[in-house]
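To keep things clear, I will list the structure first and then write my remarks on it.
No value in this document is a laboratory result; all are computed from the given coordinates. What you see is a predicted model, and the numbers here were worked out from it, not measured in a lab. Note that we place each Cβ from the backbone using ideal geometry, even for glycine, and neighbour counts take in every protein chain shown.
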Amino acid sequence: MKILTWNINRTNNLYKWQLDELYNEKFDVICLQEVSESNLRLLENVFINYNIYIASEKINANSRILHNLFIITMVTKDIESNFSKFTINTKQPLQYKIIKRSIYIECGYVDLKYRNVDFRIFNSHLQCVTSPTERLNQLKSIFAQFNSNSKNIICGDLNTFSTPIISILIGWLFGYNHKDYLINEQKLLLNELRDINLSNPIIKGHSSILRLGQLDYIILQNDIKIINSSILKKQSFGSDHFPVQVFFDI
């Protein structure tokens with residue numbers, strides 16, 4: 001199975017030739033985050049041989065929608081799939097509560113059968129403007145939706161950018177508590193995954209042009225055989241994130 005995840009970036013206007021190139025790679029599952037309405041229409045026109053499933057992510061301020069975005073999961077029609085979604089609990093720092101800023105995020109997942117094996121594949125975009133402790137709680141809410149009878153896979157932008165150095169710059173604004181300032185979020189994530197027999201097949205690398213380490217993931221159970229995994233650094237197509245792909249067998 002070939003899976004790709006990519007944060008398109010809400011300000012990025014994609015072109016048909018870019019999506020044609022992605023389409024021609026023949027991924028079985030494609031997980032996209034920060035998809036605008038115009039990019040969604042383009043996806044529907046290009047990926048005609050895929051079932052396209054939609055979850056929401058909205059940013060509001062003073063009761064007005066600032067950004068109305070989508071988390072899109074696409075599954076080739078060659079594979080029968082069923083879609084579900086649930087709401088991720090979010091927590092705003094005090095400074096953002098003052099201006100009545102809020103964020104609404106859904107996590108979508110597909111249940112499918114591939115080579116007679118059941119899979120549950122999640123597509124998520126964890127909150128950026130919050131603390132690493134809060135993001136970890138959001139990730140654990142995804143763990144709670146695991147299906148014990150399926151192979152569980154988590155895709156998406158998990159925003160694991162926090163380190164003690166970065167915390168000095170943004171912690172006061174993002175609502176960090178004193179323990180958050182000491183956290184290396186990417187190491188914390190790997191420890192959490194290890195405890196529940198999950199792994200990140202990308203050994204090292206930056207998935208963002210800001211070079212903040214790996215923010216985007218395809219996380220798999222340890223008993224899944226990885227054939228190839230990579231960050232596609234030549235194909236950002238105008239986004240501040242690079243696509244991540246994994247090819248595996250069972």
Sequence-separation-based contact order of the chain, relative, with Cα cut under 8 Å and 6+ spacing, percent | 19 percent
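Could you work out the relative contact order of region 96-220? I mean the mean sequence separation of Cα pairs under 8 Å and 6+ apart, divided by the number of residues, in percent. Don't jump to the answer; show the numbers that get you there.
Numbers: 181 pairs, mean separation 29.3, N = 125.
It rounds to 23 percent for region 96-220.
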Where does helix 132-143 land angle-wise versus the long Cα axis of the chain, in degrees 0 to 90, nearest 10?
-> 30 degrees
In degrees, nearest ten, helix 37-46 long axis to first principal axis of the chain (Cα) = 10 degrees
With θ set to phi - 60° and the Karplus curve 6.51 cos²θ - 1.76 cosθ + 1.60, what are the ³J(HN,Hα) couplings of region 160-173 in order, to the nearest whole Hz, using x for Gly and Pro?
-> 8, 9, 6, 9, x, 6, 5, 4, 4, 7, 10, x, 5, 7
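Which of the residue pairs Lys140/Lys204; Lys2/Lys179; Lys2/Lys91 have a Cα-Cα distance greater than 29 Å in the structure shown? Present the calculation step by step, with values, prior to reporting the outcome.
On the way: Lys140/Lys204 23 Å; Lys2/Lys179 38 Å; Lys2/Lys91 34 Å.
Lys2/Lys179; Lys2/Lys91, as the Cα separations exceed 29 Å there.
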Most fluctuating of Asn116, Asn45, Asn152 in the GNM of the chain (C-alpha, under 10 Å) is Asn116
Take the alpha-carbon centre of region 101-158, take the same for region 33-61, and report the distance between them in whole Å.
-> 18 Å
Burial-style ranking of 198-205, 121-128, average other-beta-carbon count within 10 Å with highest first, yields 121-128, 198-205
Checking every Cys Cβ in the chain against the others at 4.7 Å leaves as unpaired Cys107, Cys128
How far apart, in nm, are the 7 Å Cα→Cβ label points at Lys140 and Asp240?
-> 2.9 nm
Give me the aspartates and glutamates in straight-line cross-link reach of Lys225: C-alpha distance below 13 Å, same-chain residues under 8 apart excluded.
-> Asp249
